[in-house]
Amino acid sequence: QVKLIESGGGLVQPGGSLRLSCAGAGRTFMGWFRQAPGKERAFVASISPGGTLTYYADSVKGRFTVSRDSAKNTMALQMNSLKPEDTAIYYCVSSTNLIGPTTPTTQIDYWGQGTQVTVSS
């Protein structure tokens, strides 16, 4: 059983930055999904087991960066130039299969408990 634990969420003003971390990353595809109020969970970013491949949702390209530290079994999401529409609960995810922009939530093996990110002035 894989246990994923997110940290780093909080309240930030538009244009600000936050860094999310996920502990428990194994040698699997890792990623981030988010769920905004009244919306379904949606893909944000992902990274391959070796860290050489990354994928991003169009809405976050150029602003968010996903990375992982295999030695520490951790993954991070650096979020810059945050917008109010980035407000959501962010979930760390893991899967033995590729996680990409078209991966449905039903194909994700493990989910973290989520961390709230609120972008507001």
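The values are calculated or read from the model by the stated rules, or taken from the named source; none is laboratory data. Model, not experiment: these values are computed from the prediction. Note that we place each Cβ from the backbone using ideal geometry, even for glycine, and neighbour counts take in every protein chain shown. When the accessible area is computed, the model is the full protein with side chains, heavy atoms only, and any ligands, DNA or RNA have been set aside. Shrake-Rupley method; radii C 1.70, N 1.55, O 1.52, S 1.80 Å.
Heavy-atom surface analysis with a 1.4 Å probe gives the chain a carbon and sulfur content of 49 percent of its accessible area. Net charge dipole, the chain: roughly 160 debye, given to the nearest 20, about the Cα centre with Cβ charges of +1 for Lys and Arg and -1 for Asp and Glu.
Only protein heavy atoms count here; on that basis, with a 1.4 Å probe, F64 has an accessible area of about 10 Å². Pairs exceeding a 22 Å alpha-carbon distance, out of K61/K83; K3/K39; K39/K61; K3/K83: K3/K39; K3/K83.
Among the trypsin sites (Lys or Arg not before Pro) in region 34-84, those placed in a DSSP loop whose Cβ has at most 12 other Cβ atoms within 10 Å are K39, K61, K72. For region 1-31, backbone nitrogen atoms closer than 19 Å to the point 7 Å from S81 Cα along Cα-to-C-beta are found at 12-20. Taking all protein chains as they are arranged and a probe of 1.4 Å, the heavy atoms of I5 leave approximately 80 Å² accessible to solvent.
Find how much the distance from Q1 to S121 grows on full extension, using 0.36 nm per residue of separation minus their present alpha carbon separation; answer in nm with one decimal. Could you put the intermediate results ahead of the total?
Numbers: separation 120, 0.36 × 120 = 43.20 nm, distance 3.97 nm.
Extra length available between Q1 and S121 comes to 39.2 nm.
Relative to the current alpha-carbon distance between K61 and T102, full extension at 0.36 nm per residue lengthens the span by 13.2 nm.
Over the chain, the fraction of Cα-Cα pairs per 5 Å bin, rounded to whole percents and listed from the shortest bin up, is 2, 13, 25, 27, 20, 10, 3, 0. Between the amide H of G114 and those of E6, C92, distances stay under 5 Å, these residues lying 5 or more places away or on another chain, with hydrogens modeled in the peptide plane.
Determine the per residue accessible area of region 48-121 with all protein chains present and a 1.4 angstrom probe, expressed in square angstrom.
Values: 3810 Å² over 74 residues.
Here the per-residue accessible area is 51 Å².
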